[in-house]
Each structure stands twice: as structure tokens, then as C-alpha cells.
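A.B. asks: Shown below is the structure under consideration.
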Amino acid sequence: MKNNRETKSRADHEIIHGSKLAEGDPELIWGWKTKAGKRRAQRRANLIAVSASLSPDKYVLEIGCGTGVFTGIFAQTGARIVAVDISGDLLEMARAKNLPLAQIQFLEKRFEDCEAIGPFDAIIGSSVLHHLDIKPALTTIFKLLKPGGVLSFAEPNMLNPQVALQKNISWIKKVMGDSPDETAFLRWRINELLYQAGFVDVQITPFDWLHPATPSTLINAVEKAGLFFEKVPLVREFAGSLYIFARRPI
């Protein structure tokens with residue numbers, strides 16, 4: 001009963017948080033509207049989509065689609081996408097983007113309640129797993145995937161100094177527009193949890209040094225430097241994000 005109460009509480013918090021975000025400009029708060037933010041979004045969406053082998057013959061669940069920033073990019077692969085979010089206010093913004101509804105189904109619900117419309121070839125998302133109670137969430141994702149199906153996500157890296165401050169100091173979290181329960185991941189810990197949930201072929205890759213506030217004139221230089229840092233042992237561990245991939249065994 002305790003886990004059910006905690007899950008409900010988190011879900012309630014996220015619904016309330018989504019409503020607050022929708023009163024302003026969520027995509028600006030999240031950092032996806034600046035020129036650097038748009039570059040970051042495109043890169044991470046491509047990474048998620050390519051690694052998950054999204055294509056017209058794939059049936060995909062996108063968790064926490066929010067305002068549809070990434071849904072639109074994922075849809076360019078031709079994949080059939082079920083895009084879920086528990087915030088009706090954010091989904092209203094997603095539907096207003098006039099994305100191809102013959103290909104995308106927007107649902108206002110918890111992803112845990114999607115068993116009846118699964119299983120899926122891939123389950124994907126950007127910056128959403130860190131909002132969830134991660135252990136039961138991974139167990140549910142495993143169940144919702146077809147044998148051989150893949151998990152493909154980009155999430156905040158707790159070793160990044162800004163992320164660590166933002167996720168652990170309540171007043172900074174509030175100022176930055178975070179929900180009260182969200183956190184970030186340590187690479188080795190999420191790796192361990194994925195194997196415990198039954199996944200194989202687990203890959204956790206630190207990436208992303210381009211900050212949304214980067215001036216336009218510096219974007220190319222910062223991006224180039226970031227690609228270099230991502231290859232440097234130890235230094236790469238402090239990147240802003242983690243790319244997370246795993247497969248359900250056949």
C-alpha cells in the first residue's frame with residue numbers, strides 16, 4: 001500500500017506541476033526555445049530515435065510527451081507513436097501543434113496504464129524517467145515492451161554541477177521550474193537498476209555540454225568542445241545528460 005500511495009502522490013504532484021507550467025511557457029522554462037535549446041533538442045531526439053531504430057514499422061510508446069516538443073521530431077521517422085502524459089494542460093499544448101494524428105495518439109494517462117494497448121517495439125522519452133519512482137517504472141517498462149524491444153531515453157546527469165544543485169536544493173529547484181519529486185541519475189546506479197529489472201545490452205553514455213543559455217555566436221564552438229569532452233575519460237562523466245539504452249531479452 002505504501003508504494004501505491006507514494007506513486008499516487010508523485011502523480012498528483014506532476015499533474016499540479018503541469019498545470020503551473022501551462023500557465024506560462026513550459027518550453028521556455030525547460031530550455032527548449034532558445035537557439036541553443038533547439039539545437040540540444042534536435043540532437044537528443046535524433047540520438048533517442050536512431051538508437052531505438054524508429055521507422056514506419058515500429059510501434060512506440062513515448063512517456064511524458066509534455067507539449068510534444070520531441071513527439072514531432074520522433075514522428076519524422078514514420079513510427080506509430082502513442083504519446084502519453086498525465087498533464088492534460090500540457091497535452092492540450094501538444095495537440096495544438098497539429099502533429100500528424102493519423103500517426104500519433106495522444107493519451108492523458110499514466111504510462112503504467114498502457115498495458116492494454118501494448119506491447120511496444122520501443123519505449124522512449126526525454127527527461128521523464130527522473131520524475132518517476134524508478135524501480136517500479138523500469139519493471140513496468142520491461143513488461144510493456146515486446147521481447148527484443150528497447151528502452152531509449154535522455155535524462156539529467158547528477159554528476160553535472162548545475163544538475164546536482166538544481167535537483168538537491170529545494171529553492172533552486174523551485175526557481176528553475178522543477179517538480180518537487182524529480183531528481184537525476186548516477187550512471188552506475190541506473191545501469192545497476194536496469195540489469196536488476198531484467199534488461200540486457202545496457203548502455204549509459206554521458207553527453208551534452210551545450211547549455212540552453214549559450215549565446216548564438218558561441219553555439220558552434222561550445223558544441224565542438226562538448227563533442228571533444230564527451231570522449232575524454234573522467235571529464236565526460238560531468239556532462240549535462242545521460243543517454244540510456246537497454247533491451248528486453250528475446
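A.B. asks: How many of the residues making up the range 180-228 are more than 12 Å from Ala246 (Cβ to Cβ) and touching a Pro at 6+ places or on another chain (Cβ under 6 Å)?
C.D. replies: 1
A.B. asks: A further question follows. Is there any pair with a first residue in the range 109-126 that is in contact (Cβ under 8 Å) with a residue 12 or more places away in the chain and of a type in the set (Val, Ile, Thr) and a second that is in a helix (DSSP H, G or I) and surrounded by fewer than 23 Cβ atoms within 10 Å (Cβ to Cβ) whose Cβ atoms are under 8 Å apart and which are 6 or more apart or on different chains, and what are they?
C.D. replies: Ile123/Leu144
A.B. asks: Here is a check on your reading of the model: is Lys109 buried (at least 18 other Cβ atoms within 10 Å of the Cβ) and either of a type in the set (Lys, Arg) or under 30 Å from Ala225 (Cβ atoms) (or both)?
C.D. replies: No: the conditions fail for Lys109.
A.B. asks: Where residues in the range 1-23 are surrounded by 15 or more Cβ atoms within 10 Å (Cβ to Cβ) and among the β-branched types (Val, Ile, Thr), which of them is modelled with the lowest pLDDT?
C.D. replies: That would be Thr7.
A.B. asks: Additional query: Specify the residue that is surrounded by the most Cβ atoms within 10 Å (Cβ to Cβ); the eligible residues are those in the range 202-237 that are out of contact with any Asp or Glu (no Cβ under 8 Å at 6 or more places or on another chain), hydrophobic (A, V, I, L, M, F, W, C) and not in a helix (DSSP H, G or I).
C.D. replies: Checking each candidate, the answer is Ile204.
A.B. asks: Also, I was wondering about something else. Of all residues in the range 142-180, which are in a loop (DSSP other than H, G, I, E, B), within 24 Å of His17 (Cβ to Cβ) and in contact with a helix residue (DSSP H, G or I) (Cβ under 9 Å, 6 or more places away or on another chain)?
C.D. replies: Within the range 142-180, Met158, Asn160, Met176, Gly177, Asp178, Ser179, Pro180 meet the criteria.
A.B. asks: In addition: Scanning the range 24-44 for residues that are in a loop (DSSP other than H, G, I, E, B) and of a type outside the set (A, V, I, L, M, F, W, C), which turns out nearest to the chain's Cα centre (by Cα)?
C.D. replies: Filtering first and then ranking leaves Gly31.
The values are calculated or read from the model by the stated rules, or taken from the named source; none is laboratory data. From a predicted model like this one, the values you see are computed outputs, not experimental measurements. Glycine also receives a Cβ, built like all others from the backbone with ideal geometry; neighbour counts cover every protein chain displayed.
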